[in-house]
Structure formats: C-alpha cells, structure tokens
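Step one of this worksheet: look at the structure below.
The values are calculated or read from the model by the stated rules, or taken from the named source; none is laboratory data. As the structure is a computational prediction, the values presented were derived from the model and not from experiment. Don't worry about glycine lacking a Cβ; one is built from the backbone with ideal geometry, like all the others, and counts go over all protein chains shown.
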Amino acid sequence: MMNSKNIVFKNFNFKKKTSNIKKKLTELLKEDNKILQSLDSNYSDSYTKKSLSKYKNFKNIRIIGMGGSSLGTRAIYSFLKHKIKKKFIFFDNLNANRLKNNKKHLNLIVSKSGNTLETIVNSNIYLNKLDKNIFITENKKNYLHTLANKLKSEIVHHNNYIGGRYSVLSEVGMLPADLMGLKPDHFRQFNSLIKNKKFLNNLIQNVTATVGFLKNKKINSVILNYDEKAQNLFNWYQQLIAESLGKKGKGLLPIISSLPKDNHSVMQLYLDGFKNNFFTFFYTHESKSLKLKNSKILSSQKSLKNRSLSEIIYAQKKATENVFSNKNIPFRSFEITNRDEKTLGELFCFFILETILIGKSLNLNPYDQPAVELIKIETKRILN
C-alpha cells in the first residue's frame, strides 16, 4: 500500500524481482526525453497567459480535434468540472446529426500534423464568421496552418517531438486548462514525483506485475471505474495503452467498465469466465454526496438508513475487492481523496511513465503507431 497526499494506492499482489524495471526506469530518466520534460513545471509553453487574456470573456469554447488532441482536455474538463465555470463542447468524431448554431464561440482547433482528416472536416462545417479561433499545430506548412493564416487566426505551435497521446501536459491540454481557469503548474509535477520513493516504488511494482501478466497470457487490462467524472480519464488512458503497446503482435487490451452498473452485466464474466484479465479499481471519495431519504426506506432495508450515495458505492467497491481477493483475481486500486489539478497531474504522469516502461520492457517503441497510418493512406486513396 502506498499513500500520497491525494491518492491511496494498493498494488497488485505480484511477487517478482523488480531489478530489470528499476534499470529501465533509471535509463529512461537519464534520457534527454522531450516528452517527459513536458510533464514538468519547467516546460516552456509556446503561448503566454497574456496572449489568452483577449479570450477571457468567451463562455462557450469548442475543442475540435481527434484522439490525443482532445482526449486529455476532455479528461481534465470532466474530472475537474466543479472548478470550471465555462462550457466546453468537444468535436472528436464525425457526426452528421450534430446541429450547427449561431452562438459566438472560441474554437480550439488541434492537430499535431495539421492534416487530420476529421479535424479538417469539422473545421469546414462548424467554424463561422462570428467565432474566434486558436489553431494548435506544428510550425510547418500544413492544411490547418494555411487555414489559420487565411482566417487571420492565432497559431500556437505544437512541438513536433510530442505525440498526441503524450501531449496532455503540453500546450494541447494546458492551454484549454488555462481557459478553464485551472492552474497548469499544479498539473506538472514530474521532477518532484521522480524524487518521491513511494511513487517510484509503486510505479516499478506495477510495471513489473503488468509485464509478468503479459508473459502469463493475461492481456486484458480492465478498469473498474466507480467515478463517473473519471470516465474520460480512462478514455485517454485507453488510447495511451492501445496505441503505445499494440504492435508487433503484442499489446494490452484496455477495457473500461462502469461500476456498479456493470455488476449487472459483465461482472459474472470477470469473476468466473476466462482468466486472461487483470483489473484496476478506481474510486473517488466525494466531500458532498446525496443522502437517502430515511422516510422512504422500508423496514427490510434498514441498513440503508442515514447512508449517502457515495457510502453505498464505496461499500460495493470494497465488497468486490474482497470477492476478487478470495478468488485470487489480480487487481490494484486507486482511491482519490482530493479531486484537484495535482491529483490529476500525478495520475497523468504515472500512467505515461508506466506505459513507456512497459513498452521498453516488451522491446517496443512506445512513441509510434505505424499501423494506423495505413488507414489514413487507404482513405486518401479512396477519396481521390
């Protein structure tokens, strides 16, 4: 068990030597790794707070981007929505049924390459003359760069060494966070976290366990999520794991389950079906929660009296963990005690480091996604 200020961790019960992962972590931290540098407060953004001040009066902000260009921002917005007064709308798919409206928006159009097909299409459909636009893209000639110049819109440069799924703590996620009224420096804690022995030990043990599971043909990483506001965090995590590790016939299949709802659907399979799964429990302790109305509780359910919704959900989580333990089903657990920027920043940092280390342990390049490019090429051929 590891306790940080904001997160209570329970590790996988997996006994194996960790020396190999320790060595790989030491090597990783010695690299001149630009991606990891973007996780720390010393990272230099290609925008300034002053440059954003002219947009402060916009109440409706649209994020137009695919994959890593929007998933991290969406995770931030959902997880910390109680701190955010503005409305953010996400265009992260092609949807013919979404209606246009004539409200004045600030649009953030995000694509590292500047040539992402879906982002180009959505920009064509939804940008209008009343809007203000900020384009976040590489500093080179591409479609969105050319469009931004044509519209006389602001361009924020997306560093070409930071891939989309690793970009959440760069301009891609932190510029929107700034517009949300959040504090980017509170997210970026890399240098302090890698000096925290408990954080590093937990990271090493989790990576060691995961690599061990893969060698034992356990290939499904199932998230048992008891926090609705964390759903988009795990959508971000799903891309991070799948694109980074799914290559050369290897990989993990990240599966997201919403609890306690899925107790009534797939839980039977998790408990008594095939044995190629390992699990992550995720729960957030809420300071405020709805209370049940005692006057409406029948005598057969007296145990519900004076209970809050969060107490009932937590009891279900603990009960499920106890059953998993009794059945020797491997799991780890995250319990969040404080929902803020530092907590989310620590989670981002943990999952990114974990993913990179798993990739290196499997002799994979965790930074590319070559197979996906084939679909882009084939789509272009068909459209031409």
Of these, S53, S78, S46, which one is modelled with pLDDT of 90 or more, part of a helix (DSSP H, G or I) and more than 30 Å from K288 (Cα to Cα)? S53
Residue match in segment 144-153 (condition: outside any helix (DSSP H, G or I) and touching a residue at least 60 places away in the same chain (Cβ under 8 Å)): no
Which condition does R165 not pass, out of (1) part of a loop (DSSP other than H, G, I, E, B); (2) buried (at least 22 other Cβ atoms within 10 Å of the Cβ); (3) basic (K, R), if it passes all the others? (1)
Tell me yes or no: at least one residue of segment 343-360 is in contact (Cβ under 8 Å) with a residue 60 or more places away in the chain, in the same structural domain as I219 (by TED's automatic domain parsing), over 21 Å from I162 (Cα atoms) and not small (G, A, S). yes
Index of the failed condition, R62 passing every other in (1) touching a residue at least 40 places away in the same chain (Cβ under 8 Å); (2) out of contact with any helix residue (DSSP H, G or I) (no Cβ under 6 Å at 6 or more places or on another chain); (3) within 25 Å of P366 (Cα to Cα): (3)
Just to be sure, is L252 buried (at least 23 other Cβ atoms within 10 Å of the Cβ), in contact with a Ser or Thr (Cβ under 6 Å, 6 or more places away or on another chain), of a type in the set (A, V, I, L, M) and closer than 16 Å to N277 by Cβ? no
The one condition in (1) outside the structural domain of N60 (by TED's automatic domain parsing); (2) farther than 27 Å from L29 by Cα that M180 fails to fulfil: (1)
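Here's the yes/no breakdown for (1) of a type in the set (A, V, I, L, M, F, W, C); (2) part of a helix (DSSP H, G or I):
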position	(1), (2)
E286	no, no
K302	no, yes
I312	yes, yes
A315	yes, yes
A319	yes, yes
S325	no, yes
Do you know which of the residues in segment 35-55 that are closer than 14 Å to D185 by Cβ and touching a residue at least 24 places away in the same chain (Cβ under 8 Å) is surrounded by the fewest Cβ atoms within 10 Å (Cβ to Cβ)? K49
Can S244 be described as of a type outside the set (F, W, Y), closer than 30 Å to A371 by Cα and assigned to a helix (DSSP H, G or I)? yes
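Listed here are the residues, each with its yes/no results for (1) surrounded by 14 or more Cβ atoms within 10 Å (Cβ to Cβ); (2) closer than 24 Å to A242 by Cβ.
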{"site": "K293", "(1), (2)": "no, no"}
{"site": "K296", "(1), (2)": "no, no"}
{"site": "I312", "(1), (2)": "yes, no"}
{"site": "N322", "(1), (2)": "no, no"}
{"site": "I329", "(1), (2)": "yes, yes"}
{"site": "I336", "(1), (2)": "yes, yes"}
{"site": "K342", "(1), (2)": "yes, no"}
{"site": "L362", "(1), (2)": "yes, yes"}
